[in-house]
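The values are calculated or read from the model by the stated rules, or taken from the named source; none is laboratory data. What you see is a predicted model, and the numbers here were worked out from it, not measured in a lab. Methodologically, a virtual Cβ is constructed for each residue, glycine included, from the backbone with ideal geometry; neighbour enumeration extends over all protein chains shown. These area figures cover heavy atoms from the full protein model, side chains too; ligands, DNA and RNA do not enter into them. Shrake-Rupley method; radii C 1.70, N 1.55, O 1.52, S 1.80 Å.
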Amino acid sequence: MSDDAIRCDACPVLCYIKPGRTGACDRYGNRDGQLVRLDPHVVLDRAKSRGDSVVPFLETEREWDGSIVKGPETFITAIGAGTTYPDYKPAPFIISSEVEGVDMVTVVTEGIFSYCGVKVKIDTDRHLGPERNLVRAKGEHVGHVTTSEYGSQMLSLGGVRHLTGGSRNEGNVTCETLLDLCNGKAAELEIDNGATVTVQADKPPIVNGALEERMRVGCGSATIGMFAKQWFGKIDEVVVVDDHITGVLSEHQAGKMLAVPETGIKLKGRRSTPGRYFKVAEPGTAWGGTNITDPLSILAPFDANVAWKGLRLLMVSTTGEHYAYYELDDTLQPTEVELPAELRVSVERIKENCEPALCSVLFMGGAGGSLRAGVTENPVKLTRSVRESLTRVTCGGAPVYVWPGGGITLMVDVSRMPQNAFGYVPTPALVAPIEFTLRLADYGALGGYVERVRPVSSLLEDNGRVRVSPRPENPWPLPSHGGKPRS
Ligand code: SF4
């Protein structure tokens, strides 16, 4: 190597970087012989979000007298803070602050996560693919379809197996897909024997090229329960078509309570409980997440001993996107006629009660590994401290959910984090910001690097930092109740 190249040791790749060049991840560069983190370091600033004039960075704390510095209006995030891989040395920043008279410490680092992925919730009735089927990006396996939730299809993407256990290209594409999704960009995903879906955090999904507008109001049975009263007296029968639980008004408990007469309707599929049918069709992207385009295809002939000529039947999907109105003819065959205005209102009401369809992206990672050694010499004590709610964990200042059980396995909604909070290294692994905030006294007790604690004022002279407003929906990351983090 040429003499003027310097080695970056912020990840296992250990790039040699020539002057004026960047390393393989573009996060570090050689600037005049110095290894520098190239992206700006992000500081949350409450004064900025209030519209107060912004003074030079922490001007009020410039004259530090050696005591713990008050810094409740600013929070030093880990975004752009750098990494001290493999954590044989303390985290890049260990910052002191005083909150309501309690001395606090925030340990700030960009973690390298080989054990990470995203859980994606896609608000749509449309069947995206069978559970367990593989999800691909650019032809590579990057995850799978997992258990669907109420009104949403779920994908589990990434994880250590896709990052490290397949081909090099599978790992790289997985890392790239996770990075895009975590940084709020769109990713196009193909599901084996299923749909193509474009996913972007906090944006509507695009399924097979069609923008999804509405999340279902409920399952077919719930829809009957919600709107039975509004249909009563205006219609004889309603079927809410749903891939999971199709509802039938006259048989449903809600219809019984309203004394809706029997209609002799017969549905295909499996009757679960009165007025609730499973598997009336196959999953698909048409009516109510089924594969049907003709709703009559889920009906068997009406019972001639009960049904009558002129019987009024409404069939509607769980989003109100599909609907059809029929009247029985002389032979008790449904004949489609125009939906009467008074019933149109009820269809509109179903649509009105549907929430906008969105994609939600939750980063999930294991922080129970070596990065703990950058916080304390005795890593298990950090795990215990998090478990005991003495240490608050945040990602870019955003609140996280820490899973029960062993380790520090966390989830965070990427849309609550500042923009472009994530990076990557080509091992491949994702780089995610993580901050641990706890009382100074507790930090000392768990074997923290108290000699490396520095006041916020010590960051003054470096102009490579940007202030951003905290997101209004997030709690302020520094605890405000006597220093003891809430659970
Ligand atoms: S990939 Fe990035 S973090 Fe890793 S050694 Fe190279 S420049 Fe440093």
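How many residues, within region 376-389, are surrounded by 18 or more Cβ atoms within 10 Å (Cβ to Cβ) and touching a residue at least 60 places away in the same chain (Cβ under 8 Å)?
Keep residues of region 376-389 that are surrounded by 18 or more Cβ atoms within 10 Å (Cβ to Cβ), which gives 376, 379, 381-383, 385-386.
Of the ones still in play, those that are also touching a residue at least 60 places away in the same chain (Cβ under 8 Å) are 376, 381-382, 385.
Count: 4.
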May I ask you to say which residue of Ala324, Ala367, Ala341, Ala373 is more than 30 Å from Asp87 (Cα to Cα) and open to solvent by less than 50 Å² (accessible area, probe 1.4 Å)? Ala324
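Only one residue in Leu181, Leu163 is open to solvent by less than 10 Å² (accessible area, probe 1.4 Å), at pLDDT 95 or above, more than 24 Å from Pro283 (Cα to Cα) and in contact with a Cys (Cβ under 8 Å, 6 or more places away or on another chain). Which one? Full working, then the answer.
Working: Leu181 fails: in contact with a Cys (Cβ under 8 Å, 6 or more places away or on another chain).
Answer to the selection: Leu163.
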Which one of the conditions (1) at pLDDT below 95; (2) polar (S, T, N, Q); (3) open to solvent by less than 70 Å² (accessible area, probe 1.4 Å) does Ser415 fail to meet, given that it meets all the rest? (1)
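Just to be sure before I move on: is Val173 out of contact with any Ser or Thr (no Cβ under 6 Å at 6 or more places or on another chain), more than 16 Å from the ligand (Cβ to nearest atom), more than 26 Å from Thr290 (Cβ to Cβ) and touching a residue at least 60 places away in the same chain (Cβ under 8 Å) in the structure I sent?
Numbers: out of contact with any Ser or Thr (no Cβ under 6 Å at 6 or more places or on another chain): yes; more than 16 Å from the ligand (Cβ to nearest atom): yes; more than 26 Å from Thr290 (Cβ to Cβ): yes; touching a residue at least 60 places away in the same chain (Cβ under 8 Å): no.
So Val173 does not fit the description; no.
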Which of (1) under 34 Å from the mean Cα position of the chain (by Cα); (2) exposed (fewer than 14 other Cβ atoms within 10 Å of the Cβ); (3) β-branched (Val, Ile, Thr); (4) not in a loop (DSSP other than H, G, I, E, B) is the odd one out, the single condition Thr293 does not satisfy? (4)
Answer yes or no as to whether Ala201 is touching a Leu at 6+ places or on another chain (Cβ under 7 Å) and open to solvent by less than 50 Å² (accessible area, probe 1.4 Å). yes
How many of the residues in region 146-180 are out of contact with any helix residue (DSSP H, G or I) (no Cβ under 7 Å at 6 or more places or on another chain), part of a helix (DSSP H, G or I) and not hydroxyl-bearing (Ser, Thr, Tyr)? 10
Filter region 421-470 down to the residues that are at pLDDT below 95 and among the polar types (S, T, N, Q) and list them by number. Thr427, Ser457, Ser458, Asn463, Ser469
Condition test on Thr83, is it within 16 Å of the ligand (Cβ to nearest atom) and at pLDDT 95 or above? no
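For (1) among the aliphatic types (A, V, I, L, M); (2) in a loop (DSSP other than H, G, I, E, B); (3) under 19 Å from Val306 (Cβ atoms); (4) at pLDDT 95 or above, each residue gets a yes or a no:
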{"position": "Glu251", "(1), (2), (3), (4)": "no, yes, yes, yes"}
{"position": "Lys256", "(1), (2), (3), (4)": "no, no, yes, yes"}
{"position": "Val260", "(1), (2), (3), (4)": "yes, yes, yes, yes"}
{"position": "Thr263", "(1), (2), (3), (4)": "no, yes, yes, yes"}
{"position": "Arg271", "(1), (2), (3), (4)": "no, no, yes, yes"}
{"position": "Tyr277", "(1), (2), (3), (4)": "no, no, yes, yes"}
{"position": "Ala281", "(1), (2), (3), (4)": "yes, yes, no, yes"}
Close pairs (6 angstrom Cβ cut-off, 6 or more residues apart or separate chains): more than 10 Å from the ligand (Cβ to nearest atom) in region 1-26, among the polar types (S, T, N, Q) and in a loop (DSSP other than H, G, I, E, B) anywhere: none
Checking the condition touching a Cys at 6+ places or on another chain (Cβ under 6 Å) and closer than 18 Å to Gly80 by Cα, which residue from Pro433, Pro470 passes? Pro433
Check whether at least one residue in region 127-142 is touching a Leu at 6+ places or on another chain (Cβ under 8 Å) and open to solvent by 20 Å² or more (accessible area, probe 1.4 Å), and report yes or no. yes
When you scan region 397-406, do you find a residue that is closer than 30 Å to Val173 by Cα, outside any helix (DSSP H, G or I) and modelled with pLDDT under 95, even just one? yes
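If I go through region 256-275 residue by residue, how many of them are under 16 Å from Leu314 (Cα atoms) and under 37 Å from the mean Cα position of the chain (by Cα)? Give the derivation first.
Initial filter on region 256-275 (under 16 Å from Leu314 (Cα atoms)): 260-267, 275.
In the following step, the residues that additionally are under 37 Å from the mean Cα position of the chain (by Cα) were identified as 275.
Looking only at that region, the number is 1.
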Within region 420-454, considering residues that are open to solvent by 20 Å² or more (accessible area, probe 1.4 Å) and more than 22 Å from Thr391 (Cα to Cα), the one farthest from the ligand (Cβ to nearest atom): Asn420
